[in-house]
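This report concerns only the one structure given below.
The values are calculated or read from the model by the stated rules, or taken from the named source; none is laboratory data. None of these values were measured; they are calculated from a predicted model. FYI the Cβ positions are ideal-geometry reconstructions off the backbone, even for glycines, and counts take in every protein chain you see.
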Amino acid sequence: MTNTMTIRRPRFTTHADGTDATLTIHEIIGSGDGPTVGISASIHGNEPTGTEIILELFRLLQSTPIRGRLMLLPVANPRAYAVNHRFTPIDELNLNREFPGDPRGNYTQQLAAAITREFLEVIDVHLDFHSGTDRPTVDYVYLWNDEALSRSFGSTVLYRPQPSREGTTFSGTTKVVTLDRRNIPVVVVELGGGIVDQKPYVKRGIAGLLNMLRQLGVMEGDVIPPPPQTVVKGIKTIRPTQAGLLETMAPPLGQVIHKGQLLGRVVSPYTFETLEEIPTPYDNGIMILSHLSRNLVESGDYGYMVGDLDGAET
C-alpha cells in the first residue's frame with residue numbers, strides 16, 4: 001500500500017505586504033501502526049542542508065511504504081531562509097531561543113508558538129537538522145534522551161551535554177518543549193554547511209535519517225550498526241578576534257588536533273599580513289566545526305568548534 005500524503009499551511013499572523021504568515025507541514029501516513037515522527041530543518045535560515053535532506057526523504061516516500069506518521073517541517077523559519085539569514089529578519093531574534101513562544105508576542109515568538117502548537121506538541125519523536133551556516137561546516141550529533149537513536153544516525157562524533165557547562169545555554173530551544181516538557185525522544189543533527197558542495201552531506205544525511213527511521217520501526221529493513229564513535233562531554237567554540245580572510249590549518253572534521261597546533265589564521269586581504277593565529281583550546285581535541293574554504297570573517301564570527309577528548313567516551 002502507498003502512503004497518504006497531505007500538506008497543511010497553518011496561519012499564525014500576517015505580513016506587512018498583505019500575505020499570510022504560515023508554516024508548511026507535510027503529513028505522510030503509512031499503512032500500519034507506528035509513532036508520529038517530526039522532522040524539521042532550517043530553524044536558522046542560513047542552515048539549509050537539512051531542508052535538502054528532507055526534500056530527498058519526501059521524494060523517497062513516493063514509493064517507500066512506512067508505518068505510523070511522518071510530519072515534515074522542511075523550513076521552520078521561512079523569512080530567514082528566504083534571505084539566507086540566521087535570525088528572523090523582521091525582528092532579528094533567534095528562533096531557537098524563543099520556544100515555546102508567545103501567540104501574542106513579537107513575530108519570532110508567534111512563529112515559535114505556531115511551531116509548538118502545530119508540530120512539537122503533536123509528534124512522538126523529534127529529529128531536528130542543523131548545519132554549519134553558509135561558511136563553516138559542521139559534523140556531530142547531540143546525545144539527549146535516546147542514545148541508540150542518536151547513534152543510529154551514524155556520525156563518528158557525538159556530544160553529551162553536561163548540566164554545568166559554562167558559556168552555552170539551551171534555554172528557549174525546541175528542547176524546552178520536546179524534551180523538558182514532553183520527554184519524547186529527541187535527536188539534533190549538526191551536519192554540512194559551508195561554501196563547499198553539499199551533495200556528500202545530503203547523501204550522508206538521508207542515509208542516517210533512513211537508518212533512524214528503521215531504528216524507530218517506521219521503515220522496513222535492518223538497522224545498520226554505527227561506525228566506531230567518540231562521545232565528547234565538552235565543546236569549545238572559538239571565534240576570531242580580528243576580521244579578514246580566515247585560512248584553516250586544522251585537520252579535517254572528525255580528526256584529532258593536539259595542543260600547539262593552529263586551527264587557523266586571519267590574514268588581511270589588503271596588506272596580506274597575518275592579523276591573528278588561532279590555537280586549539282585543548283591538549284587533545286577533535287574537530288567538530290571548521291571553515292573548509294578560505295572565508296571572509298568579521299571579528300566574533302563562528303570560527304571553529306573543538307571537542308575535548310580528555311574524558312571522552314570511545
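Points to keep in mind about this one:
- Picking from residues in the range 1-49 that are buried (at least 21 other Cβ atoms within 10 Å of the Cβ) and small (Gly, Ala, Ser), the one that is farthest from the chain's Cα centre (by Cα) is 38.
- Taking the criterion of being surrounded by 20 or more Cβ atoms within 10 Å (Cβ to Cβ) and out of contact with any Ser or Thr (no Cβ under 6 Å at 6 or more places or on another chain), the residues of the range 115-133 that qualify are 115, 116, 119, 125, 127, 129, 130, 132, 133.
- Count of the range 197-215 residues, restricted to those that are closer than 19 Å to residue 30 by Cα and out of contact with any helix residue (DSSP H, G or I) (no Cβ under 7 Å at 6 or more places or on another chain), is 3.
- Some residue of the range 104-126 being part of a loop (DSSP other than H, G, I, E, B), without any contact (Cβ under 8 Å) to a residue 12 or more places away in the chain and out of contact with any Gly (no Cβ under 8 Å at 6 or more places or on another chain): yes
- Evaluation of residue 18 against (1) closer than 20 Å to residue 206 by Cβ; (2) without any contact (Cβ under 8 Å) to a residue 40 or more places away in the chain; (3) not hydrophobic (A, V, I, L, M, F, W, C) (one fails), failing number: (1)
- Contacts under 6 angstrom Cβ, first residue in the range 82-103 being farther than 15 Å from residue 21 by Cβ and among the polar types (S, T, N, Q), partner surrounded by 20 or more Cβ atoms within 10 Å (Cβ to Cβ) and at pLDDT below 95, 6 or more apart: 96/173
- Filter result (surrounded by 18 or more Cβ atoms within 10 Å (Cβ to Cβ) and closer than 20 Å to residue 69 by Cβ) within the range 204-222: 206, 209, 210, 211, 212, 213, 215, 216, 218, 219
- Which numbered condition residue 187 fails, given (1) buried (at least 19 other Cβ atoms within 10 Å of the Cβ); (2) over 20 Å from residue 117 (Cα atoms): (2)
- The set of residues in the range 216-230 being of a type outside the set (Asp, Glu), in contact with a helix residue (DSSP H, G or I) (Cβ under 9 Å, 6 or more places away or on another chain) and at negative phi consists of 216, 218, 219, 223, 224, 225, 226, 229.
- For the range 1-24, the candidate set comprises residues that are part of a strand (DSSP E or B) and of a type in the set (Val, Ile, Thr); within that set, the residue that is farthest from residue 65 (Cα to Cα) is 14.
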